[in-house]
1. Among (1) among the acidic types (Asp, Glu); (2) out of contact with any Phe, Trp or Tyr (no Cβ under 6 Å at 6 or more places or on another chain); (3) crowded, with 18+ Cβ neighbours inside 10 Å, there is one condition residue 156 misses while meeting the rest; what is its number?
2. Looking only at the stretch 180-197, count how many residues are within 13 Å of residue 285 (Cα to Cα) and loosely packed, with under 13 Cβ neighbours inside 10 Å.
3. If residue 64 satisfies every condition in (1) modelled with pLDDT of 80 or more; (2) surrounded by 12 or more Cβ atoms within 10 Å (Cβ to Cβ) but one, which is the exception?
4. Tell me, which helices (runs of 4 or more DSSP H) lie completely within the stretch 72-181 with 3 or more residues that are closer than 26 Å to residue 268 by Cβ and over 27 Å from the mean Cα position of the chain (by Cα)?
5. Does the stretch 269-277 contain any residue that is within 21 Å of residue 328 (Cα to Cα), within 32 Å of the chain's Cα centre (by Cα) and either buried (at least 22 other Cβ atoms within 10 Å of the Cβ) or among the aliphatic types (A, V, I, L, M) (or both)?
6. Go through the residues of the stretch 316-334 one by one and say whether even a single one is assigned by TED's automatic domain parsing to the domain that holds residue 185, more than 29 Å from residue 174 (Cα to Cα) and touching a residue at least 40 places away in the same chain (Cβ under 8 Å).
7. Please verify whether the stretch 171-179 includes one or more residues that are out of contact with any His (no Cβ under 6 Å at 6 or more places or on another chain) and within 20 Å of residue 291 (Cα to Cα).
Amino acid sequence: MIFSPFIRLFRRIAPSGLPTALPSISTPLGPPSSQTSNSVPLLLLVTSALQRLDLSTDPRKTIRKISKADLTLPRLLPYIFFGLDALYCLYIMRVSILLKLAIPTLYALAILLPFSSQLIWPATPVLTWALTFFTARFIPSSHRPEIHVALLPALESVLYGANISDLQTRYTNSFMDVMAWIPYGVLHFSLPIIVALILWAVGPKGAPQYWGKAFGWMNLVGVLTQILIPCAAPWYEIIHGLTPANYAMPGSPGGLLRIDRVLHTSTYTNAFGAAPLVFGAFPSLHSGCAVMEALFMSHFFPRFKPVYWGYVGVLWWATMYLSHHYLIDLTAGACLSVIVFYITMPPQFKDVDQIIWSREQGGAGVPMFQATTGPDAGPLAVGGSSGLEGMQHRDERQTASFEARLERIERHEGGDDNDDEGEEATERGDGVEPDEEARVEGKAQEGGSGHPARVKRNVSWGETKVLGEEAGRRKNENASDGV
């Protein structure tokens, strides 16, 4: 009964059943609407993405890139903030001096090597968030604000009319425990890596870097908010009521304690008991991560959008069912993700129709889950330059043919004496001037690393309208002269 809506949704999206082989993506070797046998398996796309990796270990290559970079103050400010945050974290950490020195040394070494810098540099916001989260336990209690125990349940009752999270914990059983544990304890930690791999393998150029920036900033802002506005989770209200809390209290696994009993382990009891940030209920980063994943997948691969947001809904239920978050926490985490998603979005991704999927531009060139199919589907540049040049060649030929038909119509309506000859010439393919046809053919077949620019019509709609009116006027004048 619980999974019946999702089963119906999946059948509606994939009526032909589950695939029996690796997913394949049609190449642009033929018209987008044609069913050709040309397809590229997903494994080949991953292999191609691996081949695009820079395996160089020469630090001089990175130094040359840095020297040529446009290091303006707006670009440097985020990294100055990351550096100051990392310095404070290293300062308050109660660990050996060797470990404190090893962290920045390893990071600097990873940045200098081209092989590792292509992964570590985009992940700088994520690494800063992880360092801030795990060193939160070392912040002196005297420097921390007061813990809010009654704030979240009061806000939830005022905004939603009831304590929604408390209602979700009234009825429990082992089956529902496992169903809540899968998104909360398994998918929450694995999906960010999966989304990053998808964007790297089949996404456009810059998508993995955009993911690292947005995901890292969202989590970093969320952790800083949890430190500045510490709030107790629902499990605290269940165990301690509304009595004041202090930073010496250990964390609790909440409903995950039942998972430890089912699995006959004490994994979550030990993990939450030693949590570095016990009173970090607001905002919910479980909600923030899920919404961020859904936003990215919906933006780049919108075909399965209901599945992405269905996962968000299931995770929201799981966090409340396991007594780890109030509904207001989930709402705040979702709002944080939406804000960061749009603030950090690069200009080339703001218009979905203008996203460059070309493999040679750096992306995999395969919008494999795009909702649009058939003639309206965008060009999928999978096979290198040949497919892209073929489509541009075809577009240029169509543009030239359109201009030839337009010229024929103008001659016909203008009463030209050579209409018949013009029509015959157009039918033979001679309707395009030799110089123009040679220019189009030359651009479509030119070699080199760059692609020829698409030939656009040099006659706008308004100019076409004027030409039509002039042709009609000439026709009327000829008719009056004949009379």
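The values are calculated or read from the model by the stated rules, or taken from the named source; none is laboratory data. Remember, it's a predicted structure, so these values are computed and weren't measured experimentally. Cβ sites come from the backbone with ideal geometry, for glycine too, and all protein chains shown count toward neighbours.
1. With respect to (1) among the acidic types (Asp, Glu); (2) out of contact with any Phe, Trp or Tyr (no Cβ under 6 Å at 6 or more places or on another chain); (3) crowded, with 18+ Cβ neighbours inside 10 Å, residue 156 is out only on (2).
2. 1
3. (2)
4. By residue number, 151-160, 164-168, 174-181.
5. Scanning the stretch 269-277 turns up at least one residue that is within 21 Å of residue 328 (Cα to Cα), within 32 Å of the chain's Cα centre (by Cα) and either buried (at least 22 other Cβ atoms within 10 Å of the Cβ) or among the aliphatic types (A, V, I, L, M) (or both).
6. yes
7. yes
Per-residue answers, yes or no, for (1) under 17 Å from the mean Cα position of the chain (by Cα); (2) crowded, with 16+ Cβ neighbours inside 10 Å:
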residue: 298; (1), (2): yes, yes
residue: 331; (1), (2): no, yes
residue: 350; (1), (2): yes, no
residue: 357; (1), (2): yes, yes
